[in-house]
Amino acid sequence: MTSVGRALAILGTAAAIHAQGPSEANYDEAKVGSYTLPDPLVFANGQPVTSKEQWPARRAEILALFEREVYGKTPPARPIEFEVTSRDPKALGGAATREEITLWITGSKAGPPLRLLIYKPNGAARPGVFLGCNFGGNHAIDADPGITMSKSWMRPGKGVENNRATEATRGAEASRWQAKMVVARGYALATYYYGDIFPDHKDGRPDSIAPHFGREQAPDDWNAIGAWAYGLSRALDYIERDKTLDAKRVAVLGHSRLGKTSLWAGARDPRFAMVISNDSGEDGAALARRNYGETVARINTSFPHWFDGNFKRYNGRVADLPVDQHMLISLIAPRPVYVASAVEDRWADPRGEFLSALAADPVYRLLGTGGIAAKEMPGIHQPVGSTIGYHIRAGVHDVTAYDWERFLDFGDRHMKR
Ligand code: GCU
């Protein structure tokens, strides 16, 4: 190998390590160690939960623990105000009607607005909806030139200049959203830019919706994930007001940090009919106690604005957490939940994502559903599950057409009218 070749190879390795996260992470299954998960079916006082009638009381305990120790407390919902700002009945080559709606979600027009984009399949009467936040602005989810460009603060990335999106980012995330596929399958697609609600950086809070709720930042106060999830519930409020959509059939979904967000939104708000987590990893679907890939200490250091203040107390002390992520999935029961992983996404711990879904199975069974209907982690491209769905696909941390096909299949199974 030439010296230039060697230098490139080294650079390539450095880039690969960066993509996977810092090198201190464990990727050796033999070094994961043993751990004991808290039992979702045992009350805090040690009494077992033996009937489905007892579950709501235990569910309330678990929800309170996640609010206090992990994601922070969300203030009570405030009424929305909204304005439809654009409408194109011939979008996506005539397959859909595109609407843009500005929502004010802080109880007044003072706070930052949420700009919702909806594609409705033409010819479908009251379709169900797939709703999720996006990373790059609404204009990035499809090349459709009619989508308004986001003017909000954005993390550095391709086509982002001075933390603002440029035209070069139009449609940049189209493969992650598959708008045409979703409407062809008879569902509406609704999304908003998460940075509208809480700019995703450690000093983003003053420009977020949080200050408009007037609380001092207590150790159990909500933070970015709580605020992004609050936005999802307010988007659902809007969907309830739009009688052309079926608000009883709304799946909330998200990728990565936004998959953590969709799980939290779905756990808190029982109006979501279905919940989808894509590659949500640490403090999303993956078990926190499993020492593989990202850790609680790492995530709290890199992203101190995602979780509440109390959660930082568990850095390096995950065994002391009163919850683990299978209990987050349990909060969604008996509603259908889907967990998707990718083989090369080791940072997110695919096995930990599966094991967490598996450990929620007893709750789903107690509530009379089929649960995950699997005992072992399936192979690549072999989706499993009944009310808890799971797949692992080939490839990297991303949302692909394959993932969407499975989500839509799962939607057909569980959200048919
Ligand atoms: C980082 C972070 C993950 C997160 C991911 C993402 O890698 O460590 O926890 O899921 O970003 O949101 O893309």
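Evaluate the following for His326: is it assigned to a helix (DSSP H, G or I) and at pLDDT 95 or above?
yes
Suppose we filter the range 21-52 for residues that are more than 22 Å from Ile329 (Cα to Cα) and surrounded by fewer than 13 Cβ atoms within 10 Å (Cβ to Cβ); how many remain?
7
For Ala374, indicate whether it is more than 16 Å from the ligand (Cβ to nearest atom) and at pLDDT 95 or above.
yes
Test Gly186 against the criterion of being at positive phi, surrounded by fewer than 21 Cβ atoms within 10 Å (Cβ to Cβ) and at pLDDT below 95, and give yes or no.
Against the criterion (at positive phi, surrounded by fewer than 21 Cβ atoms within 10 Å (Cβ to Cβ) and at pLDDT below 95), Gly186 does not qualify.
From Tyr187, Tyr194, which residue is of a type in the set (Phe, Trp, Tyr) and under 14 Å from Phe135 (Cα atoms)?
Tyr194
Within the range 150-175, which residues are in contact (Cβ under 8 Å) with a residue 40 or more places away in the chain and outside any loop (DSSP other than H, G, I, E, B)?
Ser175
Give all pairs with beta carbons closer than 6 Å in which a residue from the range 280-299 that is over 11 Å from Arg317 (Cα atoms) and more than 7 Å from the ligand (Cβ to nearest atom) meets a residue that is assigned to a strand (DSSP E or B) and of a type in the set (Val, Ile, Thr); count only pairs at least 6 apart in sequence or on separate chains.
From residues that are over 11 Å from Arg317 (Cα atoms) and more than 7 Å from the ligand (Cβ to nearest atom), the pairs are Ala285/Val339.
Restricting to the range 286-323, and then to whatever is part of a helix (DSSP H, G or I) and touching a strand residue (DSSP E or B) at 6+ places or on another chain (Cβ under 9 Å), can you tell me which residue is farthest from Ala30 (Cα to Cα)?
Step by step, filter the range 286-323, then rank; the result is Ile299.
Can you say whether Lys202 is in contact (Cβ under 8 Å) with a residue 60 or more places away in the chain, open to solvent by 40 Å² or more (accessible area, probe 1.4 Å) and over 18 Å from Gly259 (Cα atoms), as far as the supplied structure shows?
Taking the combined requirement at face value, the residue satisfies it.
Just wondering, is there one or more residues in the range 349-361 that are within 16 Å of the ligand (Cβ to nearest atom), among the charged types (D, E, K, R), touching a residue at least 12 places away in the same chain (Cβ under 8 Å) and in contact with a Ser or Thr (Cβ under 6 Å, 6 or more places away or on another chain)?
For the range 349-361, residues within 16 Å of the ligand (Cβ to nearest atom), among the charged types (D, E, K, R), touching a residue at least 12 places away in the same chain (Cβ under 8 Å) and in contact with a Ser or Thr (Cβ under 6 Å, 6 or more places away or on another chain): present.
What residue, of Gly309, Gly259, is under 26 Å from Asp203 (Cα atoms), at pLDDT 95 or above and either of a type in the set (Lys, Arg) or more than 18 Å from the chain's Cα centre (by Cα) (or both)?
Among Gly309, Gly259, only Gly309 is under 26 Å from Asp203 (Cα atoms), at pLDDT 95 or above and either of a type in the set (Lys, Arg) or more than 18 Å from the chain's Cα centre (by Cα) (or both).
Within the range 260-278, how many residues are under 20 Å from Gly385 (Cα atoms) and either open to solvent by 10 Å² or more (accessible area, probe 1.4 Å) or within 7 Å of the ligand (Cβ to nearest atom) (or both)?
Residues flagged as under 20 Å from Gly385 (Cα atoms) and either open to solvent by 10 Å² or more (accessible area, probe 1.4 Å) or within 7 Å of the ligand (Cβ to nearest atom) (or both) within the range 260-278 amount to 1.
Against the definition (among the hydrophobic types (A, V, I, L, M, F, W, C), surrounded by fewer than 20 Cβ atoms within 10 Å (Cβ to Cβ) and in contact (Cβ under 8 Å) with a residue 60 or more places away in the chain), how does Phe303 come out, yes or no?
Judged against the criteria, Phe303 is a match.
Residues of the range 246-259 being surrounded by 24 or more Cβ atoms within 10 Å (Cβ to Cβ) and touching a residue at least 60 places away in the same chain (Cβ under 8 Å), which ones?
Residues satisfying the conditions are Val250, Ala251, Val252, Leu253, Gly254, His255, Leu258.
Take the residues in the range 187-217 that are of a type in the set (S, T, N, Q) and assigned to a loop (DSSP other than H, G, I, E, B), then tell me which one is nearest to the chain's Cα centre (by Cα).
The qualifying residue nearest to the chain's Cα centre (by Cα) is Ser208.
What single numbered condition from (1) within 16 Å of the ligand (Cβ to nearest atom); (2) more than 16 Å from Ile276 (Cα to Cα); (3) not in a loop (DSSP other than H, G, I, E, B) fails to hold for Gly395?
Of (1) within 16 Å of the ligand (Cβ to nearest atom); (2) more than 16 Å from Ile276 (Cα to Cα); (3) not in a loop (DSSP other than H, G, I, E, B), only one is false for Gly395: (3).
The values are calculated or read from the model by the stated rules, or taken from the named source; none is laboratory data. For clarity, every value in this text was computed on a predicted model and none was experimentally measured. Every residue, glycine as well, gets a Cβ built from its backbone with ideal geometry; the counts of neighbours run over all protein chains shown. Keep in mind that these areas ignore ligands, DNA and RNA; they rest on the heavy atoms of the full protein, side chains included. Shrake-Rupley method; radii C 1.70, N 1.55, O 1.52, S 1.80 Å.
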